[in-house]
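Values in this text are rule-based calculations from the coordinates and carry no lab data. All figures in this text were calculated on a predicted structure; none of them were measured in a lab. Every residue, glycine among them, receives a Cβ derived from its backbone with ideal geometry; neighbour counts consider all protein chains shown.
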Amino acid sequence: MPASALTALFLAAAALPAADRAAIDASVARIYAPYRADGAEDAAWERPVFSARTAALIAEWQKVMPADEVDDLNDGDWFCLCQDWDQTKFRHAVIARRSLGKGRAEATVRLDIGFGEKRDLRMAFVREKQGWRLDDLFAAPDFPRGLQQALRETIAADRKLAR
């Protein structure tokens, strides 16, 4: 098969149908809506945006989380990768989307949290009964190997502290 045909095949496989692009953009918009409102009062892990697999990891982490101490995951906001933001200047933009095949997709999101600070992150989504749900989150330096891996590592560390 000629290289141009392989490239076209790859690009077609990576493209998302318009309905899925719109649904993923809407999911990202729901995640970031509280940052422009009168504050995001719910912790990121308390929001109903996660896939069943990630929600199960979060539930396990909450069981072992230290009661009176911060651990590696409960000292900042997972979605803005910050502890504070300027709600009047906060913006997000989905700058890329691609299919990962079999009901999986990825979005690259650029954040402007105000204060002249911008950052990019990747969100992995999975299609579940409720629609596109956030399955993993990748951002350096906070989650270079993903939120799921950070949850596994923090669960293990918190269990050691509890002994």
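Estimated at 0.36 nm per residue, the fully extended path between Ala55 and Ala96 surpasses their Cα-Cα distance by 12.3 nm.
Projected label points at Ala43 and Val64, each 7 Å from Cα along the beta carbon direction, are separated by 1.6 nanometres. For the stretch 35-163, the extents of the C-alpha atoms along the principal axes are 44, 39, 25 Å, listed from largest to smallest. Computed on the Cα trace of the stretch 83-150, the radius of gyration divided by the Kirkwood hydrodynamic radius gives Rg/Rh = 1.02.
What is the stretch 44-117 by shape, rounded, prolate or oblate, if you read a ≥ b ≥ c off the alpha carbon gyration tensor as root eigenvalues and call it rounded for a/c under 1.5, prolate for a/b larger than b/c, and oblate otherwise? Oblate is the answer for the stretch 44-117, as a/c is 1.5 or above yet b/c matches or exceeds a/b.
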